[in-house]
1. Of everything in region 51-60, what is surrounded by fewer than 14 Cβ atoms within 10 Å (Cβ to Cβ) and not in a helix (DSSP H, G or I)? Give them in sequence order.
2. Tally the residues that are in contact (Cβ under 8 Å) with a residue 24 or more places away in the chain and of a type in the set (Lys, Arg), restricting the search to region 64-81.
3. Within region 14-36, can you find the residues that are buried (at least 18 other Cβ atoms within 10 Å of the Cβ) and in a loop (DSSP other than H, G, I, E, B)?
4. Can you go through Thr47, Thr39, Thr124 and tell me which one is outside any loop (DSSP other than H, G, I, E, B), of a type in the set (Ser, Thr, Tyr), at pLDDT 95 or above and away from the ligand (no atom under 16 Å from the Cβ)?
5. How about region 73-103: which of its residues are more than 16 Å from the ligand (Cβ to nearest atom), part of a loop (DSSP other than H, G, I, E, B) and crowded, with 17+ Cβ neighbours inside 10 Å?
Amino acid sequence: MDAEKARYIVRYYCQLMTTPERLAHRHLMGTGKATHGRTDAVAQRETEKSSHIARELLSNDPKILQLASEGLDAFIVRTAQRILDEHGGEVAFNYCPRCGALAKTPKARQCRVCRHDWHSAAQTTQRIKNIEYRSGQASLISRRRPLVTS
Ligand SMILES: [Zn+2]
């Protein structure tokens, strides 16, 4: 899985993380804050020994440290894959209708790759649904009419 897709899953479906994953994520975010974005094992040890306030986010549970041991990027890819394997049906990917790139958020209506904007397409789809609904009603009425006249 590519890093972008993994970040999308972990960011917008964080409720699907297990408690140990949540704590490992917190541990890694704390490490990143204290070390200006570094989250590898060395950075984690440095943060533990530092007096940085983000140290409070760190865990000393061996199980959590194991989950975090390879740093944030590896953690995110592994966690996203686990979420997808166990909750695939709950994750919705928002792809650009023009170029197929994954949008930045599940509700985005503009592509960050090709700049295509599908706000109006979404509105048009809604308008078509409304028209179909109304014409459906109309055809029900016209079908009823012969019965009334006969
Ligand atoms: Zn696009």
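The values are calculated or read from the model by the stated rules, or taken from the named source; none is laboratory data. Note that the structure is predicted; figures quoted are calculated from it, not measured. Positions of Cβ are backbone-derived with ideal geometry, glycine not excepted, and every protein chain shown enters the neighbour counts.
1. At the first step, the residues of region 51-60 found to be surrounded by fewer than 14 Cβ atoms within 10 Å (Cβ to Cβ) are 51, 53, 56, 60.
Across region 51-60, the qualifying residues are Ser51, Asn60.
2. From region 64-81, those in contact (Cβ under 8 Å) with a residue 24 or more places away in the chain are 64-65, 67-73, 75-77, 79-81; that's our starting set.
Adding the requirement that they be of a type in the set (Lys, Arg) leaves none.
The total comes to 0.
3. Here is the first cut: in region 14-36, the ones buried (at least 18 other Cβ atoms within 10 Å of the Cβ) are 16-17, 21, 23-25, 27-28, 30-32, 34-35.
Hits for region 14-36 are Met17, Thr35.
4. Details: Thr39 fails: outside any loop (DSSP other than H, G, I, E, B); Thr124 fails: at pLDDT 95 or above.
Sole residue among the options that is outside any loop (DSSP other than H, G, I, E, B), of a type in the set (Ser, Thr, Tyr), at pLDDT 95 or above and away from the ligand (no atom under 16 Å from the Cβ): Thr47.
5. Just the residues of region 73-103 that are more than 16 Å from the ligand (Cβ to nearest atom), to begin with: 73-92.
Adding the requirement that they be part of a loop (DSSP other than H, G, I, E, B) leaves 91-92.
Within region 73-103, none qualify.
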